[in-house]
Amino acid sequence: MSQKKRVFSKTKEAREAATGYIFLAPALILLSIFLLYPMGVMFYYSFTDFYILTPDDRSFIGLDNFRGIIDDAQFRQAFWNTVYFTVIVVPVQMAVALGLALLVNKKLKGRTFFRTAYFSPVVMSLVVVSILWTFMYNPSEGLINELLSIVGIPEQPFLTSPDQAMNSIIAMSVWQGAGFQMMIFLAGLQNIPDHLYEAADIDGASTWQKFLHVTIPGLRNISLFIFITITIAAFKLLVQPMIMTQGGPLGSTKSLVYHIYEVGFNYRDVGYASAMAVVFTVIVLIVAIIQRKLASEERG
């Protein structure tokens, strides 16, 4: 290649790279303003005694905030509440979503209506859904207790019971979020080649055997994606306990994110809340790395 052609080629590559950076610039600017900068500020504040009502009177206190987390009983309770919510809601929501996808994938009359009906809670505001379900869970006048009384089941306390409050929030969260995963599963089901089911029919496989040996393997990658996204969303539990129970009763529904919000905005202790946010970020990163490793091993 001549010197002139090499210069022309480098100039063309430079122009293409510049064009790419120009298109990326708005996204990079927004990412820096709304993600990278807040994360940097959070990390800095976690090493200070920043109190929001006296912003100019703050000092560097080292690891004192992180040492306080170790002795914080409310942090431990919020952490285990979040873990419990995640461990229960992830498999239940995946199972419900897959069941709905299998149902609406059948060639039945009115399946378009049911797809819309099952997906509609996803597009509703989570605040509105939480308020509606709070009324439905009302111990004395709620719709759910009215329905239970018809079959002879006594009134349940639901959100006013430390033993039932978190499970009640889990039920509402599954109902609200399963429609989105249903649509993803539905797309995966429609991408499974028909000849695999035809071959299974020729071999005399039952419906259950086709589900285990054709459907489940065909949805493996999609299932991993849904598992990861639901897990991350579950760790960010905030709106439901904030609206429905305010973290009660007796702290049984206080999530880690809600505890961070409460300390930072209600108690105005931004330094300590930032330290907890750093710990929470590390926890989520560890979970994401573990899931990514498991997913890569599964594919391998």
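Does residue 23 meet the test of being exposed (fewer than 15 other Cβ atoms within 10 Å of the Cβ) and either of a type in the set (Asp, Glu) or outside the structural domain of residue 267 (by TED's automatic domain parsing) (or both)? Spell out how you get there, then give the answer.
On the way: exposed (fewer than 15 other Cβ atoms within 10 Å of the Cβ): yes; either of a type in the set (Asp, Glu) or outside the structural domain of residue 267 (by TED's automatic domain parsing) (or both): yes.
It is true that residue 23 is exposed (fewer than 15 other Cβ atoms within 10 Å of the Cβ) and either of a type in the set (Asp, Glu) or outside the structural domain of residue 267 (by TED's automatic domain parsing) (or both).
Which ones in the stretch 131-146 are touching a helix residue (DSSP H, G or I) at 6+ places or on another chain (Cβ under 6 Å), outside any helix (DSSP H, G or I) and modelled with pLDDT of 90 or more?
137
If a residue must be touching a residue at least 40 places away in the same chain (Cβ under 8 Å) and surrounded by fewer than 16 Cβ atoms within 10 Å (Cβ to Cβ), how many such residues does the stretch 145-162 contain?
2
Only one of (1) hydrophobic (A, V, I, L, M, F, W, C); (2) under 27 Å from the mean Cα position of the chain (by Cα); (3) more than 22 Å from residue 98 (Cβ to Cβ); (4) not in a helix (DSSP H, G or I) fails for residue 128. Which number is that?
(4)
Tell me, yes or no, whether the stretch 121-143 has at least one residue that is surrounded by 13 or more Cβ atoms within 10 Å (Cβ to Cβ) and under 30 Å from residue 192 (Cα atoms).
Checked against the condition, which is being surrounded by 13 or more Cβ atoms within 10 Å (Cβ to Cβ) and under 30 Å from residue 192 (Cα atoms), the stretch 121-143 yields at least one hit.
Residues that are buried (at least 17 other Cβ atoms within 10 Å of the Cβ), in contact with a His (Cβ under 6 Å, 6 or more places away or on another chain) and modelled with pLDDT of 90 or more: does the stretch 85-97 have at least one?
The first filter runs over the stretch 85-97 and keeps only residues buried (at least 17 other Cβ atoms within 10 Å of the Cβ), leaving 85-86, 88-90, 93-94, 96-97.
Retained after the next criterion (residues that are in contact with a His (Cβ under 6 Å, 6 or more places away or on another chain)): none.
Scanning the stretch 85-97, I find no residue that is buried (at least 17 other Cβ atoms within 10 Å of the Cβ), in contact with a His (Cβ under 6 Å, 6 or more places away or on another chain) and modelled with pLDDT of 90 or more, so the answer is no.
Surrounded by fewer than 19 Cβ atoms within 10 Å (Cβ to Cβ) and of a type in the set (Val, Ile, Thr), is that true of residue 282?
On the way: surrounded by fewer than 19 Cβ atoms within 10 Å (Cβ to Cβ): yes; of a type in the set (Val, Ile, Thr): yes.
Yes.
Among the helices (runs of 4 or more DSSP H) confined wholly to the stretch 162-237, which include 3 or more residues that are aliphatic (A, V, I, L, M)? Reasoning before the result, please.
On the way: elements: 165-190, 194-202, 207-210, 220-235.
Here the list reads 165-190, 194-202, 220-235.
With (1) surrounded by fewer than 18 Cβ atoms within 10 Å (Cβ to Cβ); (2) touching a helix residue (DSSP H, G or I) at 6+ places or on another chain (Cβ under 7 Å) as the list, and residue 117 as the residue in question, which single condition is left unmet?
Condition (2) is where residue 117 drops out.
Which one is farthest from residue 236 (Cα to Cα) among residues in the stretch 247-300 that are hydrophobic (A, V, I, L, M, F, W, C) and touching a strand residue (DSSP E or B) at 6+ places or on another chain (Cβ under 9 Å)? Walk me through it before giving the result.
Start the filter on the stretch 247-300 by keeping residues that are hydrophobic (A, V, I, L, M, F, W, C), which leaves 250, 256-257, 260, 263, 265, 270, 273, 275-280, 282-290, 294-295.
Narrowing the set further to residues that are touching a strand residue (DSSP E or B) at 6+ places or on another chain (Cβ under 9 Å) leaves 263, 270.
Working: 263: 16, 270: 19 Å.
This residue is 270.
Which is touching a residue at least 12 places away in the same chain (Cβ under 8 Å) and either farther than 24 Å from residue 98 by Cα or hydroxyl-bearing (Ser, Thr, Tyr) (or both), of 259, 213? Let's see the steps before the verdict.
Details: 213 fails: either farther than 24 Å from residue 98 by Cα or hydroxyl-bearing (Ser, Thr, Tyr) (or both).
Matching residue, one of 259, 213: 259.
Among the residues of the stretch 43-60, what is the count of those that are among the hydrophobic types (A, V, I, L, M, F, W, C) and buried (at least 17 other Cβ atoms within 10 Å of the Cβ)? So that I can check it myself, show each step before the final result.
Keep residues of the stretch 43-60 that are among the hydrophobic types (A, V, I, L, M, F, W, C), which gives 43, 47, 50, 52-53, 60.
Okay, now just the ones that are also buried (at least 17 other Cβ atoms within 10 Å of the Cβ), so 47, 50.
Number satisfying all stated conditions: 2.
The values are calculated or read from the model by the stated rules, or taken from the named source; none is laboratory data. Everything quoted here is computed from the prediction, not taken from an experiment. In this analysis, Cβ positions are derived from the backbone assuming ideal geometry, glycine residues included, and neighbour counts consider all displayed protein chains.
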